[in-house]
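K.L.:
Handing you a structure now.
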Amino acid sequence: MKIVVTGSAGFIGYYLVKQLIEYGHEIVGIDNMNDYYDVNLKEFRNSILMQNIHYNFYQADISDYKIMNSIFSSEKPEIVINCAAQAGVRYSIENPMTYIKSNLEGFTVILEMCRHYNIKHLIFASSSSVYGINGKVPFSEHDNVDHPVSLYAATKKSNELLAHSYSDLYDIPVSGLRFFTVYGPMGRPDMAYYKFTKAIIEGTPIDVYNNGDMYRDFTYIDDIIEGICRLIDVVPVSNDNWDNTSPDPVETRAPYRIYNIGNNSPISLNEFIETIEIHVGKKAVKNFLPMQKGDVPRTYADISDLQSATGFAPSTSLNDGIKKFVNWYKNYYY
């Protein structure tokens, strides 16, 4: 199949393209190569992908309707996987308009392309951040998610609402994937594990928020990619028997579904730091701080819907994942 992957030079997009090519698909990659983090890392990822004849890359912004229309018109893809977005919780507090342009305007252009080019399945990246200050754990797709605490989370929740509207109006099969704290080699330098590894190696202090009393459902990149790939063929269908008198946030009449992809095993921030220390071979210098705005104390994925749909459950241990990341980091930077 011919598949469009937006954000193809990004962390998740890169690994996804690699895997899809191995499965025999033809990939149309789209990325604007913005400078939110080190462009050299994006170019490094993309240079690896460009070596494959089954990867056709366009440097373009998904919010540019004219350019996107031209790409879709010439390429005629069957599947779209949207990984492009302005990432980062804290950056969204300081630079909100960047998120509006990419995550709302850009995503709406993606939906328009799916509408006009008869896309068989749209898969898009949502985020565990949509659960906001929900206290019920583990976080289930069937829970209400109307209490985001960051603009980034609000844009991802908006993506889900926009996607549902388009799915219902134009009968577009859509799957939204809520990723839980993705990490691994060639990851995003703005993520905590990346910053912690750099600081510990260099002997500089790391900021530990809420005194380390936070938990995250860390999910290794290979598990995220496996989950996405398995869901490509799990195409949502309309449900004419949907009961609108007792609506469930997931169940709907439209060909639309939401899935969590997480490790289903929250790890404390303190244990996370200790694991990095083990593989770096040095102790961290810690600077303890209160909770940041936009942050949440815990994330924890209920993956029963993912398992039911695909038979897959992420299984990479934090120890194995961090070991692979630290080894890559040392080889890449030193």
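The values are calculated or read from the model by the stated rules, or taken from the named source; none is laboratory data. Everything numeric here is computed off the predicted structure, so don't read it as measured data. Note that each Cβ is placed from the backbone with ideal geometry, even for glycine, and that neighbours are counted across all protein chains shown. Protein only, heavy atoms only, side chains kept; ligands, DNA and RNA dropped before computing areas. Shrake-Rupley method; radii C 1.70, N 1.55, O 1.52, S 1.80 Å.
K.L.:
Given the condition assigned to a helix (DSSP H, G or I), open to solvent by less than 30 Å² (accessible area, probe 1.4 Å), hydroxyl-bearing (Ser, Thr, Tyr) and at pLDDT below 95, answer yes or no: does some residue in region 86-97 qualify?
P.N.:
Within region 86-97, the first condition is being assigned to a helix (DSSP H, G or I), and the residues that meet it are 89-94, 96-97.
Now restrict to residues that are open to solvent by less than 30 Å² (accessible area, probe 1.4 Å): 92.
So of that shortlist, the ones also hydroxyl-bearing (Ser, Thr, Tyr) come out as 92.
With at pLDDT below 95 added as a condition, the list becomes 92.
For region 86-97, residues assigned to a helix (DSSP H, G or I), open to solvent by less than 30 Å² (accessible area, probe 1.4 Å), hydroxyl-bearing (Ser, Thr, Tyr) and at pLDDT below 95: present.
K.L.:
Of everything in region 290-334 that's hydroxyl-bearing (Ser, Thr, Tyr) and either within 28 Å of Arg257 (Cα to Cα) or touching an Asp or Glu at 6+ places or on another chain (Cβ under 6 Å) (or both), which residue is surrounded by the most Cβ atoms within 10 Å (Cβ to Cβ)? Even if it seems obvious, please write down each step before you answer.
P.N.:
Going residue by residue through region 290-334, those that are hydroxyl-bearing (Ser, Thr, Tyr) are 299-300, 304, 308, 310, 315-317, 329, 332-334.
Within this subset, residues satisfying the condition of being either within 28 Å of Arg257 (Cα to Cα) or touching an Asp or Glu at 6+ places or on another chain (Cβ under 6 Å) (or both) are 299-300, 304, 308, 310, 315-317.
Working: Thr299: 25, Tyr300: 22, Ser304: 15, Ser308: 10, Thr310: 18, Ser315: 13, Thr316: 19, Ser317: 14.
Here the residue is Thr299.
K.L.:
Going residue by residue through region 254-266, is there one that turns out to be open to solvent by 40 Å² or more (accessible area, probe 1.4 Å) and modelled with pLDDT of 95 or more? Full working, then the answer.
P.N.:
Looking only at region 254-266, we keep the residues that are open to solvent by 40 Å² or more (accessible area, probe 1.4 Å), and these are 257, 264-265.
Next, only the ones that are modelled with pLDDT of 95 or more stay: 257.
So far as region 254-266 goes, yes, one or more of its residues are open to solvent by 40 Å² or more (accessible area, probe 1.4 Å) and modelled with pLDDT of 95 or more.
K.L.:
Then there is this: Which of the helices (runs of 4 or more DSSP H) contained wholly in region 101-206 include at least 3 residues that are touching a residue at least 24 places away in the same chain (Cβ under 8 Å) and over 26 Å from Pro290 (Cβ atoms)?
P.N.:
Numbers: elements: 107-116, 151-170, 192-202.
Answer list for region 101-206: 107-116, 151-170.
K.L.:
Can you find, within region 45-72, the residue that is most open to solvent (accessible area, probe 1.4 Å) among those that are free of Cβ contacts under 8 Å to residues at least 12 places away in the same chain and of a type outside the set (Val, Ile, Thr)?
P.N.:
Going through region 45-72, the residues free of Cβ contacts under 8 Å to residues at least 12 places away in the same chain turn out to be 47, 50-51, 53, 66-67, 70.
From the residues that got through so far, the ones that are of a type outside the set (Val, Ile, Thr) too are 47, 50-51, 66, 70.
Working: Ser47: 54, Met50: 104, Gln51: 150, Lys66: 168, Ser70: 71 Å².
Ranking the candidates gives Lys66 first.
K.L.:
Please go through region 221-235 and pick out each residue that is of a type outside the set (Lys, Arg) and either under 15 Å from His121 (Cβ atoms) or modelled with pLDDT under 95 (or both). Step through it out loud before you land on a result.
P.N.:
Step one: filter region 221-235 for residues of a type outside the set (Lys, Arg), giving 221-229, 231-235.
Gly227, Ile228, Cys229, Leu231, Ile232, Asp233, Val234, Val235 - these are the residues of region 221-235 that are of a type outside the set (Lys, Arg) and either under 15 Å from His121 (Cβ atoms) or modelled with pLDDT under 95 (or both).
K.L.:
Would you be able to say whether some residue in region 238-257 is within 18 Å of Pro173 (Cβ to Cβ) and assigned to a strand (DSSP E or B)?
P.N.:
Looking for residues that are within 18 Å of Pro173 (Cβ to Cβ) and assigned to a strand (DSSP E or B), one finds at least one in region 238-257, hence yes.
K.L.:
Give the residue that is least open to solvent (accessible area, probe 1.4 Å), with candidates limited to residues of region 173-210 that are modelled with pLDDT of 95 or more, more than 21 Å from the chain's Cα centre (by Cα) and among the hydroxyl-bearing types (Ser, Thr, Tyr).
P.N.:
My answer is Thr197.
K.L.:
Confirm whether Lys323 is in a helix (DSSP H, G or I), over 21 Å from the mean Cα position of the chain (by Cα) and touching a residue at least 24 places away in the same chain (Cβ under 8 Å). It would help to see each step written out before you state the result.
P.N.:
Numbers: in a helix (DSSP H, G or I): yes; over 21 Å from the mean Cα position of the chain (by Cα): yes; touching a residue at least 24 places away in the same chain (Cβ under 8 Å): yes.
Judged against the criteria, Lys323 is a match.
K.L.:
For Lys283, state whether it is outside any strand (DSSP E or B) and surrounded by 14 or more Cβ atoms within 10 Å (Cβ to Cβ). Explain how you work it out, then say what you get.
P.N.:
Values: outside any strand (DSSP E or B): yes; surrounded by 14 or more Cβ atoms within 10 Å (Cβ to Cβ): no.
Here the answer is no, as Lys283 does not meet what is asked.
K.L.:
Of the numbered conditions (1) under 20 Å from Ser167 (Cβ atoms); (2) open to solvent by 30 Å² or more (accessible area, probe 1.4 Å); (3) in contact (Cβ under 8 Å) with a residue 60 or more places away in the chain, Asn239 satisfies every one except a single condition; which is it?
P.N.:
Answer for Asn239: the failing condition is (3).
K.L.:
Could you check Tyr170 against (1) more than 30 Å from Glu274 (Cα to Cα); (2) surrounded by 23 or more Cβ atoms within 10 Å (Cβ to Cβ) and say which number it fails?
P.N.:
Every listed condition holds for Tyr170 apart from (2).
K.L.:
For Glu141, which of the numbered conditions (1) charged (D, E, K, R); (2) closer than 29 Å to Ile303 by Cα; (3) open to solvent by 40 Å² or more (accessible area, probe 1.4 Å) fails to hold?
P.N.:
The failed condition is (3).
K.L.:
Against the conditions (1) touching a residue at least 40 places away in the same chain (Cβ under 8 Å); (2) over 17 Å from the mean Cα position of the chain (by Cα), where does Gln19 fall short? Just the number, please.
P.N.:
The single condition Gln19 does not satisfy is (2).
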